[in-house]
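One structure is given here, and the rest of the page talks about it.
The values are calculated or read from the model by the stated rules, or taken from the named source; none is laboratory data. The structure displayed is predicted, hence computed values, not measured ones. Quick reminder, even Gly has a Cβ in these numbers, built from the backbone with ideal geometry, and neighbours come from all protein chains shown.
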Amino acid sequence: MKRVYFLALMLVVLVTGLTAIQVEGQTVAALATSRAQDFVGTWKGQCIGCNAGDFILELRTLPVEPFITGTIKVLDAPPNYGDHEKPIKEVRVDGQKLYFESKQEGSRTTFYVTVTLSEDGRMLKGIGVFKSNFNLKFKRVS
């Protein structure tokens, strides 16, 4: 009889423990989703110290990690930058920071971006790397 109670108790502990892990996981996922949501929208930007023209950055949410995706387009770019939309990849949100990579199809050079969201949520400022480092500044359009 003691053995049955022990097994029943262990089962309750096991089920309760799994439930706590699931709840905690949902909380972490909800937090990551809300942080990604802060970046969602259309952003018009420019680089300071590079030959590219303006940028259009379109960010939207995903239902699964990394919870954010999108495209970037360089407007009025020199031929080696390409002027078509490129998907962003390797996206990561860490608090107020957004990290991503983008690569022109057929190119071996990757464009790396790290930007920080302003307190009011209307600006992104940071650094881009495409063969060299340059500053980036985006304003929220929508």
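Mind counting the residues in the range 107-120 that are surrounded by fewer than 18 Cβ atoms within 10 Å (Cβ to Cβ) and touching a Gly at 6+ places or on another chain (Cβ under 9 Å)?
Counting residues in the range 107-120 that are surrounded by fewer than 18 Cβ atoms within 10 Å (Cβ to Cβ) and touching a Gly at 6+ places or on another chain (Cβ under 9 Å) gives 4.
Residue by residue, here is whether (1) aliphatic (A, V, I, L, M); (2) at pLDDT below 90; (3) not in a strand (DSSP E or B) holds:
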site	(1), (2), (3)
C47	no, yes, no
E58	no, no, no
Y81	no, yes, yes
R108	no, yes, yes
D120	no, no, yes
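Assuming A52 fulfils every condition listed in (1) surrounded by fewer than 16 Cβ atoms within 10 Å (Cβ to Cβ); (2) modelled with pLDDT under 90 apart from one, which condition is it?
(1)
With (1) touching a helix residue (DSSP H, G or I) at 6+ places or on another chain (Cβ under 9 Å); (2) in contact (Cβ under 8 Å) with a residue 40 or more places away in the chain; (3) assigned to a loop (DSSP other than H, G, I, E, B) as the list, and F39 as the residue in question, which single condition is left unmet?
Going through the list (1) touching a helix residue (DSSP H, G or I) at 6+ places or on another chain (Cβ under 9 Å); (2) in contact (Cβ under 8 Å) with a residue 40 or more places away in the chain; (3) assigned to a loop (DSSP other than H, G, I, E, B), F39 breaks only (1).
Is it fair to say A30 is buried (at least 17 other Cβ atoms within 10 Å of the Cβ), small (G, A, S) and at pLDDT below 90? Working first, answer last.
Values: buried (at least 17 other Cβ atoms within 10 Å of the Cβ): no; small (G, A, S): yes; at pLDDT below 90: yes.
For A30, the condition - buried (at least 17 other Cβ atoms within 10 Å of the Cβ), small (G, A, S) and at pLDDT below 90 - is not met.
Going through the range 93-142 one residue at a time, which ones are of a type in the set (G, A, S) and either under 15 Å from I56 (Cβ atoms) or touching a Phe, Trp or Tyr at 6+ places or on another chain (Cβ under 6 Å) (or both)?
Scanning the range 93-142 gives S102, G128, S142.
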